[in-house]
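Computed from the coordinates by the stated procedures, all read-outs in this text should not be read as laboratory data. Please read all numbers here as calculations on a predicted model, not as lab measurements. No Cβ is skipped: glycine too gets one built from the backbone with ideal geometry, and neighbour counts run over all protein chains shown.
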């Protein structure tokens, strides 16, 4: 009993410490998983713009809405597109935040009167202008006003109201304020005559000089050492030119899991075994769909000239029901079966009047199916009795896209699959002059085929395709090799040693916080994010990217600001060396300003350059030397020899012989002023937003969340 008591007394403090550490561990785990900062506040801030926080939750909602919008248009939102969406929304958020601050300082507002003009004025939003039209085809502002007012009466969480407020009203406010801001800047643009005259003189200014050039190449590079201190000193004087972004450098090894020759042969054999079943199948479309073809069945004809597939001639020569293949098309082995042949036009002109049953944007019912059908029949009868088609279309059609032009459309054969199937088949399969009431997913149409052009053979083909994929053995071999390498390489030293030992090619990539791909391996956002979550020497677990496994090690961290000498030595070493050579040359020249004497000292000659242009930094015989050009046109130096000039290729002494003007052919000041002011006004929006960005303090934490 006494022993237990001693243990209690002696180790009570230790037990309490262990329990406390365990509790702290749980708290930290929860904090890290929920992005909560236990030392005050939370880490749900995506970034800051001049101290104003951008919250992750609000931003993430916008990202999801944008993704949904793209998907609704039939677009695939992969990881690369998602990152592009995030970048675009971030840049917009930063810009809008900066501009709002400017609006507030200037007292700019978008009033109810402004909104009324934007919605119902002479230049309405296209979405309203297309939706609401008078029988004459002009914008029906009253109908649009009734629609907007009806939305205001709906609950705040009504989907249609929210959609209009977020996508239309918010856009009009943003655009209206920006237009006002632009107008203030544009109104300040003025191109005075004195500046015009100066520009004309600069364009026509010419000069002649005598000069001595002492090239840097006259001093061997081996005699001029460039230390890290020299480079650092140079970088401090040129911070803006060499400012570096935050980045991480990784070395990585790729373990390829792409299909092998054996995998390719197996894929071809598997498709070949399906050939007899494909030939015997009663319904080619059902066979393709039931057997999981990589190419979906297209229930339409393709013109001969538009069939862009391998072995097109062989496929086109098949009899109905015949099958060709297997053949390789991209990454698939394919069997092609002839379903049917016919002659079709390449383009069709038609007109229609639609009685839609549902709003294509909101899904709300417009009219009942039987009502729409009856109205379409009535239109058909009215046209048959001589009523004007264009007038009827403008008055009754619910297809806003064709009301202005009498319901007319022109379609090419390549648009066949983008239209409602019944609509496409009617206008392409029936001859010109055919008229009929038909039903599609959009409602009931009265359609007339007006004309058809460029007929040629067309084919309906069913394709049964299977991709060439890596086998489990191939994937497992690459995965095992990557896993083994990662387990044996737990730091930078062992990573390099094992790569050399196994003769594996090491690649290098420098990645920024918001990069989402790496050249050579494609979309690699998770790997980039990993690089920023780890320190130098950390080795990743195998990362599956496409048909590859990648193992990486962090080799370097760079913070934003002035780079280190070793990071830019290759870039600036020759520049710094030339500066040091210039110092030697200028020291040797000393106080001498006689061109002939200096030329003799350096075993060179006095040269001459005539007709130097003020606006061209290139001088014949000298090259790209803007400093020499500047001195050549300095009136104070006329007839004198300049101080030594450290240029790009050497040190120059210049004697200004003459400065003059070529005859001017530009005498229309008013035209020049108008063109210049228009150019300045056109660029001003980009210029001021870039200026605001450069002067702002922007904290970007996206790497933490995405």
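Structure data summary
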read-out: Tail beyond 23 Å, pair distance distribution of the stretch 125-248 (Cα, percent); value: 73
read-out: Inter-site label distance for residue 171 and residue 55 at 7 Å from Cα along Cβ, in nm; value: 2.5
read-out: Full-stretch length increase - residue 197, residue 143 - with 0.36 nm per residue and alpha-carbon distance subtracted; value: 13.9 nm
read-out: For the stretch 479-609, alpha-carbon Rg relative to the globular expectation (2.2 N^0.38 Å, N residues); value: 1.81
read-out: Ascending count of other beta-carbon atoms within 10 Å, so fewest first, for 219, 54; value: 219, 54
read-out: Taking only Cα atoms of the stretch 556-649, radius of gyration then Dmax in Å; value: 17.4, 56
read-out: Computed label-point distance, nm, for sites residue 286 and residue 374 using a 7 Å Cα→Cβ extension; value: 3.9
read-out: Zone of residue 573's modelled label, taken as backbone nitrogen in the stretch 629-650 under 16 Å from a point 7 Å along Cα→Cβ; value: none
read-out: Expected 222 nm ellipticity per residue - DSSP helices of 4 or more, -39500 (n - 2.57), all of the chain, to 500; value: -14500 deg cm²/dmol
read-out: Label point distance in nm, residue 672-residue 504, each placed 7 Å from Cα along Cα→Cβ; value: 6.6
read-out: The stretch 423-482: radius of gyration and largest Cα-Cα distance (Dmax), Å; value: 24.2, 68
read-out: The stretch 194-326: translational diffusion in µm²/s, Stokes-Einstein, Kirkwood Rh over Cα pairs, 25 °C, 0.890 mPa s; value: 98
read-out: Kirkwood estimate for the stretch 334-439, i.e. one over the average of 1/r between Cα atoms, Å; value: 15.5
read-out: Angstrom value of the Kirkwood radius, inverse mean 1/r, which spans all Cα pairs in the stretch 574-706; value: 19.3
read-out: Gain upon complete extension [residue 320, residue 222; 0.36 nm per residue less C-alpha separation]; value: 27.3 nm
read-out: Residues of the stretch 208-226 with amide N under 18 Å of a point placed 7 Å along Cα→Cβ from residue 640; value: 208-212
read-out: Nearest-0.05 FRET efficiency for residue 365 and residue 106, computed from C-beta distance (R0 41 Å); value: 0.30
read-out: R0 of 51 Å, Cβ-Cβ distance residue 404-residue 615: FRET efficiency to nearest 0.05; value: 0.50
read-out: Debye equation applied to the C-alpha atoms of the stretch 112-187, log10 I(q)/I(0) at 0.12, 0.16, 0.17, 0.19 Å⁻¹; value: -0.38, -0.65, -0.71, -0.85
read-out: FRET efficiency estimate (nearest 0.05) - Cβ-Cβ, residue 662 to residue 690, R0 41 angstrom; value: 0.70
read-out: Shape box of the stretch 192-261 [Cα atoms, principal axes, largest first, Å]; value: 70, 45, 34
read-out: Cα-based convex hull volume of the chain per residue, rounded to whole Å³; value: 367
read-out: Average projection area in nm² (convex hull over Cα atoms of the stretch 265-467, one quarter of hull surface); value: 13.3
read-out: Full-stretch length increase - residue 492, residue 421 - with 0.36 nm per residue and alpha-carbon distance subtracted; value: 19.5 nm
